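Report on the structure given below.
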Amino acid sequence: MRAIVSVEHLTKHYRRVRAVTDVSFTVRRGCVTGFLGPNGSGKTTTLRILLGLISPTSGRALVDGVEYRRLADPARVVGAVLDPAAYPARTGHDHLRALALPLGVGRRRVDEVLELVGLAEAGDRPCGPYSLGMKQRLALAGALLGDPELLVLDEPANGLDPEGIRWLRDFLRDWAAEGRTALLSSHVLAEVTQTVDHVVIIDRGRVALDAPISEIGQGSVTVRSPGAAMLADLLAAEPGLGDGAIIWLADDELRLPHGWAERVGRLAAHYQIPLVELHTTGPDLEGVFFDLTSDPDRAALPDGPARAATRGGQTRPAHR
């Protein structure tokens with residue numbers, strides 16, 4: 001399947017500062033791709049180049065085979081959120097109407113996207129008092145106005161409460177299930193593990209890892225409780241936990257995918273289910289991330305190739 005995003009040998013220098021150097025990766029259609037890296041790693045620079053906001057020193061970033069600025073109707077191809085800013089005195093509805101006018105989008109679509117992001121009741125209120133999470137939802141609504149095929153989101157979970165984070169996860173999974181695509185940067189690594197199909201990790205302006213999430217050790221959560229049967233039934237009703245994800249290790253012991261420890265704790269507390277044991281084991285995305293981005297040797301090789309992704313004694317070169 002042809003990629004919807006192709007980043008090819010992308011380099012951007014600001015005088016003597018190298019923001020990104022020879023970055024290459026693709027984003028496949030119908031997938032949610034996580035774009036991860038520490039602060040200052042080059043994530044935002046790469047996304048801004050992709051969206052035509054700045055020009056690269058060399059290389060290129062293509063959307064649907066062309067540069068963003070050459071798209072005939074970009075808002076109907078790409079919806080982007082890099083900054084959830086809105087004019088404080090405008091209502092949410094008026095903010096979206098202002099964005100919709102140049103797109104030729106009517107009031108009905110504005111109402112649809114407000115409903116879609118859960119802001120229908122807040123749409124007639126000024127944006128200024130909105131919480132950060134509400135502003136994130138409003139920004140996402142703006143990105144959805146053109147009914148795009150691709151979403152590009154920079155830290156979309158920032159400011160969302162746990163319920164909002166779960167809503168965003170379910171929204172993105174449903175989005176991909178429709179055959180659409182999302183590229184998102186995030187620092188909430190445990191949530192990324194449950195959301196994305198593919199991960200690109202960038203560090204010091206270079207690609208450190210480019211791999212399907214299924215190839216990255218995700219670890220597991222072990223739960224032991226005399227109420228394991230009740231807990232298993234409650235977990236089976238939770239969104240995001242697929243068939244076969246709950247594994248019985250013993251009559252009172254379960255194994256779950258990585259990232260479910262907090263959910264187990266909340267359910268156990270709410271339903272007063274005693275826990276004898278609850279812990280996460282094995283390598284996970286967070287461990288891989290810190291292994292790659294805390295390597296002091298990377299700083300000594302500013303002009304060399306992206307180093308191999310090393311884990312558990314096995315070495316796999318970073319895909320370029």
With n ≥ 4 as the cut-off for DSSP H runs, can you work out [θ] at 222 nm for the chain, using -39500 (n - 2.57) per run divided by the number of residues, rounded to the nearest 500? -8500 deg cm²/dmol
Dipole of the chain, positive end: most advanced residue of HIS95, ILE216, LEU132 [Cβ charges, Cα centre]: HIS95
Only Lys, Arg (+1) and Asp, Glu (-1) charged, at Cβ; the range 220-281 dipole about Cα centre in debye: 160
Label-point gap, in nm, between GLU253 and ASP147 - each point 7 angstrom along Cα→Cβ: 5.3
Label-to-label distance, nm, for residues given as THR91 and ARG107 (7 Å Cα→Cβ offset): 1.0
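From Cα pairs below 8 angstrom and at least 6 apart in sequence, can you work out the relative contact order of the chain, rounded to a whole percent?
On the way: 612 pairs, mean separation 61.4, N = 320.
Relative CO of the chain lands at 19 percent.
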Expressed in µm² per second, the diffusion coefficient of the range 1-115 from the Stokes-Einstein equation, with Rh the Kirkwood radius over alpha carbon pairs, at 37 °C and 0.692 mPa s, is 203
Name the long-range amide H neighbours of THR57: under 5 Å, sequence gap of 5 or more, or other chain; modelled H, no Pro or chain starts. THR11, LYS12, HIS13
Would you work out if the range 220-281 is rounded, prolate or oblate? Take a ≥ b ≥ c from the square roots of the eigenvalues of the alpha-carbon gyration tensor; rounded if a/c is under 1.5, else prolate when a/b is larger than b/c, oblate otherwise. rounded
Convert each backbone phi in the range 190-203 into a coupling constant with the Karplus relation 6.51 cos²θ - 1.76 cosθ + 1.60 (shift: θ = phi - 60°), then list the ³J(HN,Hα) values in order as whole Hz, x for Gly and Pro. 4, 6, 4, 4, 8, 10, 8, 9, 9, 10, 10, 10, 10, 9
Correct choice for Cα extents along the principal axes in Å that was computed from the model, options [x] 64, 44, 32; [y] 60, 54, 36; [z] 73, 44, 32: [y]
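Since every read-out is calculated from the coordinates, none of them should be taken as a lab result. Since the structure is predicted, the reported quantities are computational estimates derived from the model, not experimental observations. Note: ideal-geometry Cβ built from the backbone for every residue, glycine included; neighbour counts use all protein chains shown.
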